[in-house]
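The values are calculated or read from the model by the stated rules, or taken from the named source; none is laboratory data. Values in this document were obtained by computation on a predicted structure and should not be read as measured data. Counting neighbours? That spans all protein chains shown, and the Cβs are built from the backbone with ideal geometry, glycine included. Ligands, DNA and RNA are excluded from the accessible area calculation, which covers all protein heavy atoms including side chains. Shrake-Rupley method; radii C 1.70, N 1.55, O 1.52, S 1.80 Å.
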Amino acid sequence: MDYSQYKHAFDRDGFIVVRNFLTPDELSELNAQIQRFLSEVAPLLPETQVFYATSTTGTTAARQIHRMNCDSFFKEYQSHPKWVGLAQAMIGEAVTPRSPIYFNKPPDSDFPTPPHQDNCAFALTPPNGAEILLATHERFDEESGCLRYVPGSHKHGMRHHAYSGVRGFALEIADFGPEDESREVAVELNPGDAVCHHPLTIHRAFRNRSKTRSRTGFSMWFRGENTTIDSRRSGAYDENSRRAQRSGR
């Protein structure tokens, strides 16, 4: 598919939505592999790679899994032509993938995603990259904690971030306030839809208030081949991440 039609909106707003990004068959295969990973691989991984959540009903589930390319299927999936093609079209050059990540907000769980810009972690120079997040099983909506974006925020550089204490999202924008909130756009997705955003686009998500639905997603990050990683900045983020893993929520 030619994804160039989305480039103008991506440059203008810092994010775009691709409806039916995966076909039903492609989505079914991916979901089956995710379930296999959850049941067979995740229980063997260290707590620094898998974060768990307990809902108000007492059910425990994985809420975030990093470095899924430890599994042969997901290592190969990083080169999937649809994902690479969309990333290249938005970034404008050849891309390098990061490891896939699984995100989950279990029903009625208290895990909001703090407002942040992804480049606080990835430290790309220039900030030429893209994240693609796919809704996998259930609809992403305001009840279940869909992503909320501040359009055009990628044009204004990095905001100051401070320690959040949240495992998996160690930093948050320190001065996020009413002006940001007034511009936010909630992005609702059906299973198979994807949202793609720039590493400087401000975004966050509320907790999942649904009593019955999980908000599960699968994500991959890509950086342009002409970017470099500022090791000092990425190292500082990693230290905050380890701090959150030890004592965060």
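Descriptive notes on the structure:
- Computed over neighbours whose Cβ is under 15 Å from that of ASP180, the net charge equals -1, Lys and Arg +1, Asp and Glu -1.
- 10 °C / 1.306 mPa s Stokes-Einstein diffusion coefficient of the range 147-201, Kirkwood radius on C-alpha pairs, µm²/s: 124
- Look at the dipole of the chain built from charges on Cβ: of VAL41, PRO100, HIS8, the Cα furthest out on the positive end belongs to VAL41.
- With all protein chains in place and a 1.4 Å probe, the accessible surface of the chain carries 49 percent carbon and sulfur.
- Average accessible area per residue (Å²) across the range 1-160 - probe 1.4 Å, nucleic acids and ligands excluded: 45
- Relative compactness, the chain, computed as alpha-carbon Rg over 2.2 N^0.38 Å: 0.94
- For the range 147-155, 3J(HN,Hα) per residue [Karplus equation, 6.51 cos²θ - 1.76 cosθ + 1.60, θ = phi - 60°, Hz, x = Gly/Pro]: 5, 10, 10, 9, x, x, 5, 6, 7
- Simple spin-label estimate for SER182 and SER39 in nanometres, 7 Å along Cα-Cβ: 5.1
- Per-residue 3J(HN,Hα) values for the range 201-206, derived from phi via the Karplus relation 6.51 cos²θ - 1.76 cosθ + 1.60 with θ = phi - 60°, read 6, 6, 8, 7, 8, 7 Hz in sequence order (x marks Gly and Pro).
- Taking every C-alpha pair closer than 8 Å and separated by at least 6 residues, the mean separation divided by the residue count of the chain gives a relative contact order of 30 percent.
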